[in-house]
Amino acid sequence: MPMQPIHRLANLAQRPDGAVEWACPRCGRYLVRYPDTQLVLAAGASDTIHLLGDRYPAAPIDVAAMSEFDQQFLHAHAIGW
């Protein structure tokens, strides 16, 4: 099962009626979120998971280098990495 791309929505504004405006800088999804519901004004990418702001940690960009021991183990067991 392929993984779906993840986009983080940016908080644009807090509205006087209690709603919060969110937009995706990558695909154009735009929504207004009220305390009890949300209104999607522009759908954006349909095959993408959209997360609100920084509530979840970002995916790591820098991956630690594999140790020499791990490389030898994988090579000895014919596991390509």
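The values are calculated or read from the model by the stated rules, or taken from the named source; none is laboratory data. Note that the structure is predicted; figures quoted are calculated from it, not measured. Note: ideal-geometry Cβ built from the backbone for every residue, glycine included; neighbour counts use all protein chains shown.
The set of residues in region 13-33 that are over 19 Å from the mean Cα position of the chain (by Cα) and under 12 Å from L51 (Cα atoms) is empty. Restricting attention to region 16-40, the residues that are polar (S, T, N, Q) and assigned to a strand (DSSP E or B) total 1. Has region 5-15 got at least one residue that is assigned to a loop (DSSP other than H, G, I, E, B), out of contact with any Ser or Thr (no Cβ under 7 Å at 6 or more places or on another chain) and at pLDDT below 90? No, the conditions are met nowhere in region 5-15. Of all the criteria given as (1) surrounded by fewer than 13 Cβ atoms within 10 Å (Cβ to Cβ); (2) touching a residue at least 40 places away in the same chain (Cβ under 8 Å), the one not satisfied by L9 is (1).
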